[in-house]
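Working notes for the structure below.
The values are calculated or read from the model by the stated rules, or taken from the named source; none is laboratory data. Please read all numbers here as calculations on a predicted model, not as lab measurements. All Cβ positions, glycine included, derive from the backbone under ideal geometry; neighbour counts span all protein chains shown. When the accessible area is computed, the model is the full protein with side chains, heavy atoms only, and any ligands, DNA or RNA have been set aside. Shrake-Rupley method; radii C 1.70, N 1.55, O 1.52, S 1.80 Å.
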Amino acid sequence: MIEILSGIFLLLGTLFILLSAIGILKMPDLYTRMSATTKASTLGIGLVLIGTSVYWQDFGIASRALAIIVFLFLTAPVAAHIIGRAAYFGKVPLWEKTKIDEFGKRPDDVGD
Amino acid sequence: MSFIEWSVYISVIIIGLSILVIFLRLVIGPSIEDRIVALDLLSANAIAFIAVYSIQKNTTTFLDVGIIVALLAFLGTVAFAYYLGRRGKE
Amino acid sequence: MNPFLFNILLAIAWMMLVGEITAGTFAAGMVVAYLILWFSRSAWGESRYFSKIPLVIMFVLYFFKELIIANLKVAFDIVTPKDYMEPGVIAVPLDVETDIEITLFANFVTLTPGTLSIDVSPDRKTLYVHALYVKDADRFRNELKNGLEKRLIEVMR
């Protein structure tokens, strides 16, 4: 029973990881790619690690898995934010079908 | 073979496939930022692979490696992005 | 005395009564002690400890619900060959004020799939968000402000 539950978590997690891998290949520009991939490192890995700790049923393993999950939830958005910012100021182009860009016509074009 | 063994095998195969697909993006780029995102995602896949591998090999020591990989991946990403930000300014 | 300290003391008492010193019994003790304190909250007078914890739990549940829904939406777009995306960069005016609130809000926005916070304006009044599904810029702004930001303000203040 426990093993089946753990297996389901593993398969769900790897499914999300595969989806984000396809996403990073398929999406048209850097920003949409990042939107699709920040989540593999959170939801996908989170599910895989939950599956692992369910399988071991051990406090040491569970706390280690929890440490990785919390760390990823803290750092993944920070990393995505600084890359996105650096990319925008480094003039990485937006997709041509992007509808609006309110950032480009902001009043103070200083860019820190 | 039991269900958990099947799911571990399938997971390993799927993660391997994803690493291949991400590697394509790492090769074709086109910008440096794309490559950084791909590298970040590769290390994320490495963590998931380590977790699955620890079940397959029936040892728990590998999870410590997972923690280290997570820490290093974040540091690497921040360092790259910092460098890019500096380059944009000068 | 601070209700939080008292909560920990009661949890330790629970641990001794059960006779097992493990993280599991401590966690159970924290929950039981919190319930006891909550029932006797009139004796404590005004304390934010009792109204905050349920709000935090509600916020976490709401956030995970949004995370899963948005993930499925993006996943659907990745699997089907046709693109349904209408991406755009939106300026969202901020009601959150302090550094920690802005940081948390930007991080939660980035964690939700399909949205990515790019920059905060120098006067800290506007957050620039890259979103995958922008049908209508004003509606998107309203959804973000009335959903995530309102709840975050409830928790933080």
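Annotations for the structure displayed:
- Gaussian network model of chain B, springs between alpha carbon atoms under 10 Å - residue of B:Leu26, B:Leu72, B:Leu39 with greatest fluctuation: B:Leu72
- Structural descriptor for chain B: relative contact order 26 percent, calculated from alpha carbon pairs under 8 angstrom and at least 6 residues apart.
- Gyration tensor over the Cα atoms of segment A:32-97: the corresponding equivalent ellipsoid has semi-axes (square roots of 5 times the eigenvalues, largest first) of 33, 12, 5 Å.
- Axial C-alpha extent at least 15 Å, average Kyte-Doolittle at least -0.5 - helices from chain C (DSSP): C:3-18, C:23-39, C:49-79, C:99-111
- Take chain B with all the other protein chains still there, run a 1.4 Å probe, and you get 53 Å² of accessible area per residue.
- Our compactness index for chain C, the C-alpha radius of gyration over the empirical 2.2 N^0.38 Å, is 1.38.
- Two-decimal Rg to Rh for segment B:1-79 - Kirkwood Rh, Cα set: 1.05
- Computed over the protein assembly as shown, the percent of Cα pairs more than 29 Å apart is 47.
- Here the simple spin-label model places points 7 Å from the Cα toward Cβ, and for C:Glu97 and A:Ser63 these points are separated by 4.0 nm.
- Between the Cα long axis of helix B:3-28 and the first principal axis of chain B there is an angle of about 20°, rounded to the nearest 10.
- For the pair B:Tyr82 and C:Glu86, a Förster radius of 35 Å applied to the C-beta separation gives a FRET efficiency near 0.60, rounded to the nearest 0.05.
- Rounded tilt (10° steps) of B:62-89 against the dominant C-alpha axis of chain B: 20 degrees
- In this calculation the C-beta distance from C:Val60 to B:Val65 is compared with R0 = 22 Å, giving a FRET efficiency of 0.15.
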